[in-house]
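Visitor: Handing you this structure, nothing more for now.
The values are calculated or read from the model by the stated rules, or taken from the named source; none is laboratory data. For clarity, every value in this text was computed on a predicted model and none was experimentally measured. Cβ placement follows ideal geometry from the backbone for every residue including glycine, while neighbour counts extend to all protein chains displayed. These accessible areas exclude ligands, DNA and RNA; they are computed on the full protein's heavy atoms, side chains included. Shrake-Rupley method; radii C 1.70, N 1.55, O 1.52, S 1.80 Å.
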Amino acid sequence: THTHTHTHTHAGLLYYSRQEIQSESRHILCFACRRRVRAVLFLCPPSDYIIVSCAYIRRWRLNDTFILPRPGSRYSLMGGNLHISHLNKEEDVGVYQCLASNSFGTIVSREASLHVAYLENFKTQRRSPVRVREGQGVVLLCGPPPYSGELTFTWIFNEYPSFIIQDTRRFVSQKTGNLYIAKVEPSDVGNYTCVVTNTVTKSSVQGPPTPLVLRVDGVMGEYEPKIEVQFPEVVPVAKSSTVKLECFALGNPVPTISWRRVDGASFGRKVDINKASGALEIPYFQQEDAGIYECVAENSRGRNSVKGKLSFYAAPHLTEKPQDVQKTIDDTLVWECKASAKPKPSYRWLKNGEPLDPMEQDRVQANNGVLTINSLNLADIGMYQCVAENKHGRIFTNAELRVVAIAPDFTQNLLKAQTLARQGGDILIECKPRMSPRGVISWRKGKEALRESHRVTVLESGSLRISNVSKMDAGLYTCAARNQFGVASSAGSLLVKEPTVITSPAGHLDVTVGESIVLPCQVSHDPTLDLKFTWFFNEQLIHFGSHGAYFEKRSAGDIMIRNIQLRHAGKYTCAVQTKVDSVSIATDVVVRGPPSPPVNCQVTEMTETSALLSWGPGIDNHSPVLSYTIQARTPFFLGWQAVTTVPELLGGKQLSATVTDLSPWVEYEFRVLASNSIGTGEPSKPSKKARTRDTVTPARVNGGGGGRSELVITWEPVPEELQSGPGFGYVVAFRPLGAQGWMQAAVTSPDASRYVFKNESIPPFSPYQVKVGVYNNKGEGPFSPVTTIHSAEEEPSRAPGRLRARSVSASEVEVTWKPLAWSNNRRRILGYELRYWGEREKQDTASVIRTVGNKTSVLIRDLEGSSTYYMSLQAYNSAGVGPQSIIVNVTTKKPPPSQAPVKIMWNTSNSKVILKWDQVHALENESEVTGYKVMYSQDKHSRPSVVETNTTSLELSLPVNQDYVIQIKPFSEGGEGISSRQITIPKIAGGTVPTRCDIVGFSLSTKNNVQHVLLLPVMVF
């Protein structure tokens, strides 16, 4: 079947005409050869014919052998196109290249490879049965017949059209055509036929059927995956192409196939992983897709994997091309050719379709894409091609080289008819004839050949240079040029003029503001030349008439400056120019005047009646400052007024002073004036407004907390004795951190210590700068220093997690939890609030323990033994508490024994005290005794030492020459029990103290909860 699709021919492209195929009833492939041709692959049935098209064609070659079309042969040229009829797959397969020639040279196209597609029949008619056990894996080989072109494979089960559907158990490799069954089942028994299809010819052939038979000698047991289909260790992939990797394993149970990149990178969305067929497909392959890929096959019996590296490559792509160029004989040509590719390309150059002549290596050099030809001649004319190539492709680019030969010609560059030169100066007379190759340049003065000397030189360019020109050098000069193609000349006159000299001396003028001065510029010069005077002030051109009429031109080249000002001080330059030379002279003008304004005038300290002022010196304008004057103004003054200072007289080096006799609670501005011997200068810029003090500012300005959308500002009120004047109150100023302007509010109560600003737009826990000032009927006072506070925050939004409770003893429980993040941009965590209540109590009567900071545990004390308690936890901050955690419960341990140790006996010998007592037995509702604590001290008031033991006896190493007080108490997991009565062991001066039993007491509980104490007498042994 054929379609009516056209693929049109473009310059350098190949095309395929489907419509022509139908009309001719046979397949035709056509490709065109222009100056740039891409490499292509052609696949045709052997009975077809092919047209190879090439514009401006004179010759074609196949496998580097020229094709000579003759009448009656299968090859013919049609308008430059190569027509091949009765295509033969043995004779016509190969690499084609066309050569285009004209009068400028020859170029070759890129190669085009022609391959003929075919698919033969299977040779074998029968295949032996494949016998396998149930549960075993099997591979059925396809073994395709001889072919050319791309193939696809399918398998028929038993009879057409029952095709094998690929899934996790069955896989058809498109690389080998083999059928893989991971685990054979009884339903797989039957005949399998491999179907091979050529994608170019669209023809298909079927192989002989392969019977699959189950063995009857048992079932295959489970085994780990065995990978049968795998990809090469290195797979080169072209840029922008599609790569497909196959991976399949046999195993019982059926293995699962997964893919991953060894470098851990994730697959992009473009990657297609077909888990059912065990294939990984990556379209539009790029550099970032390169790397090591791993296929993993695993089942319950084990795991296996294979790895392969996808390496990125790209055919050359030109980034810099040589351009057509025209050069003169003996010139040098440099052409640069650059291409991007991976791996990096190599370069070679062709001239008229052939490699460069190796005999010309000294003159013609090609190095890494750069072609250099020295000493060009006419034989170098032609078409050149740069070929950039790597193992994945090559690309051509063309450029034409023309080498021109011209006899000398001055028509475009005649010598100047007249050249003016200054006596004593240097002159260059240019000679630039057009000629190729470059010939010999000679000069004549008048009719005689010009002789070179230390003053007269003919430069390498052919121009003439004369140094220290004299009147004798004047005359007619002729430049003559000669090469092998002819002679030409051009002439011009040299006129020598007197030099221009400024006769006014350079100088230095020192003047005072308001004076008028004349700056002279007198010259001597050649009377035949016109003069042009130009004046510059500090290297800037003076435009007379545009400087407020200060500058005025005088006779000759002089200028006058009237009523000179300080800004007129500087460097004045008179420049005089003629056609042959230019000269200049400079005069420095210093203008003395009153001092410039002092700088940086500022108030550094204020009291009720004085201000400390500082300033910096201004420019003295070439006359030292002798004194300073300070002036002030207030809203109550009429303009600026002089003030009293300490010291009273401010010398020229004084840069600070105290202004006195000021009024309290008044806003002042100050400025400073400097004076020298010439006068008093302009005043400084006023200082910032500052108010003399009349009160104190509020202390301890702070704030924070409050309700939602509130900003709470607090301060310590000003004491009554410091509140100056009636109408005292506070001015509260605040602004978001980083803002420019301040918002203000007045608080009229002198005893107030708090102001709350509420606005729904205030973000929670947002930083604000605040300050608090004072005012009274006289006006506003100073503000406190600026401090930063936060607006009201939101209560915690999450409950603490992992709340755990553990009974430590009968009266203590340890509670732990996972803390919340301490702070974010809306709230903080200041601590945690633990609520606990007994089993018989209600939750709203719970006891509360509050922690501060980021603690994660708390110990609850004074609880009842053998009791169940419930507890919950909440985070809190200044806005309140957050949500409650889950409620947990814990049961305290049984109480410790209520009986004290009795029948305590002791003995002392050799600095040792040996103690014994009866075992304490716990009651039914008490926790069992786990040990005893023996406490001893030298008297009843000192801190006792403690020794623990889990027996009812203890040996202490103590000096016997001191008294000791001893007590014993039992302990258990429920805590410590009741101590025995204090026992005093007196000191004995040597010897052994007989064993003693002290009086002991213990209590007995009756049914009526009445306690009885039994006293035992002292026994001496």
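Visitor: In terms of Cα to Cα distance under 22 Å, which lysines are near enough to K818, apart from those fewer than 8 places away along the same chain?
Guide: Output for K818: K855.
Visitor: Let me ask something else. Once the Cβ-Cβ distance between T788 and S749 is put in as r, and R0 is 22 Å, what FRET efficiency do you end up with, to the nearest 0.05?
Guide: The value I calculate is 0.30.
Visitor: Quickly estimate the mean residue ellipticity at 222 nm for the chain, helices only: each DSSP H run with n ≥ 4 gives -39500 (n - 2.57), and the total goes over all residues, rounded to 500.
Guide: 0 deg cm²/dmol
Visitor: Got a number for the accessible area of I619? Probe 1.4 Å, square angstrom, nearest 10.
Guide: The accessible area comes out at roughly 110 Å².
Visitor: What shape does the stretch 677-789 take by its C-alpha gyration tensor, where a ≥ b ≥ c are the square roots of the eigenvalues and a/c under 1.5 counts as rounded, a/b above b/c as prolate, and the rest as oblate?
Guide: oblate
Visitor: Using a 1.4 angstrom probe with every protein chain in place, what is the largest-first accessible-area order of Y347, Y477? Don't jump to the answer; show the numbers that get you there.
Guide: Numbers: Y347 55, Y477 5 Å².
Order by accessible area, largest first: Y347, Y477.
Visitor: Scattering from the C-alpha atoms of the stretch 842-922 alone, worked out with Debye: what is log10 I(q)/I(0) at q = 0.15 1/Å?
Guide: For the stretch 842-922 at q = 0.15 Å⁻¹, log10 I(q)/I(0) is -0.74.
Visitor: To the nearest 10 square angstrom, what accessible area does S516 show with a 1.4 Å probe?
Guide: 70
Visitor: Turning to a different aspect of this structure: Would you calculate the separation in nanometres between label points at V95 and E608, each defined as 7 Å from the Cα along the Cα-to-beta-carbon direction?
Guide: 10.8
Visitor: Quick one: with all protein chains in place, what share of the accessible area of the stretch 904-970 is carbon or sulfur, to the nearest percent (1.4 Å probe)?
Guide: Heavy-atom surface of the stretch 904-970 belonging to carbon and sulfur, 1.4 Å probe: 43 percent.
Visitor: Give me the 1.4 Å probe accessible area per residue for the chain, excluding ligands and nucleic acids, in Å².
Guide: Per-residue accessible area for the chain comes out at 54 Å².
Visitor: What does the extension gain come out to for T949 and S866, with contour length at 0.36 nm per residue minus their alpha carbon separation?
Guide: Values: separation 83, 0.36 × 83 = 29.88 nm, distance 2.56 nm.
Roughly 27.3 nm would be gained on extension.
Visitor: What FRET efficiency, computed as 1/(1 + (r/R0)^6) with R0 = 51 Å and r the Cβ-Cβ distance, is obtained for N377 and A506, rounded to the nearest 0.05? Let's see the in-between values first.
Guide: Details: r = 60 Å, r/R0 = 1.18.
Result of the calculation: an efficiency of 0.25.
Visitor: Between beta-carbons, use under 11 Å as the cut-off and find the net charge around N390, counting Lys and Arg +1, Asp and Glu -1. Walk me through the numbers on the way to the answer.
Guide: Working: positive: K342, K344, K391, R394; negative: E389.
Result for the neighbourhood of N390: +3.
Visitor: Further, regarding this structure: Given a Förster distance of 60 angstrom, what is the FRET efficiency for V189 paired with H317, based on the Cβ-Cβ distance and rounded to 0.05?
Guide: About 0.60, to the nearest 0.05.
Visitor: Once fully extended, how much extra length lies between N468 and K416, figured as 0.36 nm per residue of separation less the alpha-carbon to alpha-carbon distance?
Guide: Stretched fully, the N468-K416 segment lengthens by 16.7 nm.
Visitor: Strictly over 22 Å apart at the Cα level, which of K239/K338; K685/K778; K893/K916 would you flag in this model?
Guide: Violating the 22 Å limit, Cα to Cα: K685/K778; K893/K916.
Visitor: Shifting gears a bit: With a 1.4 Å probe and all protein chains kept in place, how do W822, W742 rank by accessible area, largest first?
Guide: W822, W742
Visitor: Something else about it: DSSP loop (so not H, G, I, E, B), at most 15 other Cβ within 10 Å: list which GluC sites (Glu not before Pro) in the stretch 83-175 pass both filters.
Guide: E90, E91, E120, E150, E159
Visitor: For the stretch 422-480, which trypsin sites (Lys or Arg not before Pro) are in a loop by DSSP, counting at most 13 other Cβ atoms within 10 Å?
Guide: Of the trypsin sites (Lys or Arg not before Pro), the ones in loops of the stretch 422-480 whose Cβ has at most 13 other Cβ atoms within 10 Å are K447, R451, R455.
Visitor: Here is a further query. Once you place label points 7 Å from the Cα toward the Cβ at S340 and E928, how far apart are they in nm?
Guide: My value for the distance between the label points is 8.3 nm.
Visitor: If you work out Kirkwood radius over Cα pairs in Å from the coordinates, which of [x] 33.5; [y] 46.5; [z] 34.8 do you get?
Guide: Here Kirkwood radius over Cα pairs in Å agrees with entry [y].
Visitor: Suppose each label sits 7 Å from its Cα in the direction of the beta carbon; what would the S909-H941 distance come out to in nanometres?
Guide: Taking the two extended label points, one gets 3.6 nm.
Visitor: Could you state the principal axis extents of the C-alpha atoms in the stretch 275-405, from the largest down, to the nearest angstrom?
Guide: Cα spread of the stretch 275-405 along its principal axes, largest to smallest: 86, 25, 21 Å.
Visitor: Going 7 Å from the Cα of Q884 toward and past its Cβ, which residues in the stretch 804-843 have a backbone nitrogen under 13 Å from where you end up?
Guide: From the stretch 804-843, the list is 834-838, 842-843.
Visitor: Also, I was wondering about something else. Ignoring ligands, DNA and RNA, what percent of the accessible area of the stretch 275-424 is carbon or sulfur (1.4 Å)?
Guide: With neighbouring chains kept in place, the figure for the stretch 275-424 is 45 percent.
Visitor: A follow-up question, please. Once you wrap a convex hull around the alpha carbon atoms of the stretch 891-946, what is its projected area averaged over all directions, in nm²?
Guide: 5.6
Visitor: Could you pull out every residue, at least 5 positions away or on a different chain, whose amide H is within less than 5 Å of the one on V774? Hs are placed 1.01 Å off N in the peptide plane, and Pro or chain starts have none.
Guide: Long-range HN contacts for V774: V731, G781.
Visitor: Sticking with this structure for a sec: Figure the gain on full extension for E839 and M220 (residue separation times 0.36 nm, minus the Cα-Cα span) and round it to one decimal in nm.
Guide: So the chain would gain 216.3 nm between E839 and M220.
Visitor: Here's another thing I want to ask about it. Please work out the Kirkwood hydrodynamic radius for the stretch 102-197, using every pair of different C-alpha atoms, and report it in angstroms with one decimal place.
Guide: After inverting the mean inverse Cα-Cα distance, the result is 16.2 Å.
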